[in-house]
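Colleague: The structure follows.
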Amino acid sequence: LGPPGSGKGTVAEKIKELYGLVHISTGDLFRNCIRQNTPIGQEAKVFIDRGDLVPDELTVRMLAERLDNDDCADGFLLDGFPRTLDQADALEALMNKSGFSLDVALNVSVPDRMIMERLSGRRVCPECGATYNIYSQPSLEPGICDVCQSELTQRPDDKDATIRHRLDTYAVRTAPLLDYYEQQGILRSIDNSGDLAATFAQLKEVLPQ
Ligand code: ADP
Ligand code: ZN
């Protein structure tokens, strides 16, 4: 859990490395569907481009399919899901069915003022998925991917007006999940406003060994 721009994706990559878990990002799954122009991608694109959440039914269906893969049998890390209380309920039902339970819900927080800079500065490589930030983590040559030399792009939903809408949506629809998992006793929080080393040190403290 964490607002857009909190760095969930970066934190997730680190957890994946530390625990050897499959990293499932619903945002990435949607972007893949859009790139491949699948029926799910066509339906989701409208919502994503204007900064709205994709409807729960579609999101849950896509996630349930992904969790059915063999690589999830020993556990998994969800990034960007659940984002609504209904999604959280659906997840619980799915997990009960397969005998899993959530170990931890991790809240990645950053002060509001950092969020706009992170998101409006974000650039991504459409070919290899590498991410950069023109302010804090620029590529060696402006606009060009260090890894594969492709031209960097800005996500359509990283434009200023859309960012503001995504932040409002987070506050209204997703933030209530913090209480939901707090009540279950599995919420852990880290502050991701410092450097990555500081974040990773906190991770080691709040995650199970
Ligand atoms: P960010 O965390 O920066 O918003 P993501 O890559 O996680 O980026 O998500 C991008 C977009 O994909 C969201 O704004 C939303 O439209 C859609 N999306 C991702 N996950 C979900 C979800 N669980 N429920 C509904 N929509 C989602
Ligand atoms: Zn690249």
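Colleague: Compute the relative contact order of the range 82-209 as a whole-number percentage, counting only Cα pairs closer than 8 Å that sit 6 or more residues apart in sequence.
Modeller: Working: 130 pairs, mean separation 41.9, N = 128.
Contact order relative to length: 33 percent.
Colleague: Net charge near residue 185: determine it from the other residues with C-beta under 15 Å of the C-beta of residue 185, scoring Lys and Arg +1 and Asp and Glu -1. Numbers along the way, then the final one.
Modeller: Numbers: positive: 188; negative: 92, 103, 179, 182.
With Lys, Arg at +1 and Asp, Glu at -1, the net is -3.
Colleague: Extension gain residue 18-residue 184, at 0.36 nm per residue separation less the Cα-Cα distance, in nm? Don't jump to the answer; show the numbers that get you there.
Modeller: Details: separation 166, 0.36 × 166 = 59.76 nm, distance 2.47 nm.
Going from the current span to full extension adds 57.3 nm.
Colleague: Let me ask something else about it. Most fluctuating residue of 148, 72, 125 in a GNM of the chain with Cα springs under 10 Å: which is it?
Modeller: 148
Colleague: Each residue of the range 133-140 in order: what ³J(HN,Hα) in whole Hz does its phi give by Karplus 6.51 cos²θ - 1.76 cosθ + 1.60, θ = phi - 60°, with x for Gly and Pro?
Modeller: Using θ = phi - 60°, the values come out as 9, 4, 8, 10, 8, x, 6, 4 Hz.
Colleague: Can you count the Lys pairs in the chain with C-alpha separation below 23 Å, eight or more apart or on different chains?
Modeller: Values: 8/16; 8/45; 8/159; 8/204; 14/204; 16/204; 45/159.
So the count works out to 7.
Colleague: What net charge is computed for the residues neighbouring residue 36, neighbours being all others with C-beta under 14 Å from the C-beta of residue 36, Lys and Arg scored +1, Asp and Glu -1? Provide the component values of the computation, followed by the final result.
Modeller: Details: positive: 31, 35, 45; negative: 28, 43.
Charge balance near residue 36 sits at +1.
Colleague: Per residue of the chain, what 222 nm ellipticity follows from adding -39500 (n - 2.57) for every DSSP H run with n ≥ 4, rounded to the nearest 500?
Modeller: Details: 9 runs with 97 residues, N = 209.
Helix contribution divided over all residues of the chain: -14000 deg cm²/dmol.
Colleague: Moving on. Can you work out the PRE-style zone for residue 207? Point 7 Å along Cα to Cβ, and I want the residues of the range 114-137 with backbone N under 18 Å.
Modeller: Answer for this model: none.
Colleague: Something else: Peptides 110-116, 30-36: what's the order by average Cβ count within 10 Å, highest mean first? List each step's numbers first, then the result.
Modeller: Numbers: 110-116: 13.4, 30-36: 15.9.
So the peptides 110-116, 30-36, ranked by packing, come out 30-36, 110-116.
Colleague: Under 5 Å between amide H atoms, partner at least 5 residues away or on a different chain: which partners does residue 79 have, H built in plane at 1.01 Å?
Modeller: Here the answer is 24, 25, 26, since their amide H atoms fall under 5 Å of that of residue 79.
Colleague: A further question follows. How far is the Cα center of the range 158-209 from the Cα center of the range 46-115, in Å?
Modeller: For the range 158-209 versus the range 46-115, the Cα centre distance is 14 Å.
Colleague: Defining a contact as two alpha carbons under 8 Å apart and six or more residues distant in sequence, what relative contact order in percent does the range 1-135 show?
Modeller: On the way: 118 pairs, mean separation 43.3, N = 135.
Contact order relative to length: 32 percent.
Colleague: So how much slack lies between residue 133 and residue 50, counting 0.36 nm per residue of separation and subtracting their Cα-Cα distance, in nm?
Modeller: Working: separation 83, 0.36 × 83 = 29.88 nm, distance 2.16 nm.
The span from residue 133 to residue 50 would gain 27.7 nm if fully extended.
Colleague: What does the C-alpha gyration tensor say about the overall shape of the chain? Classify as rounded when a/c is under 1.5, otherwise prolate if a/b is larger than b/c, or oblate.
Modeller: On the way: a/c = 1.44, a/b = 1.22, b/c = 1.18.
Rounded.
Bear in mind that the values in this text are calculations on the coordinates, not laboratory data. Nothing here was measured: the structure is a model prediction, and the numbers come from that model. Note: ideal-geometry Cβ built from the backbone for every residue, glycine included; neighbour counts use all protein chains shown.
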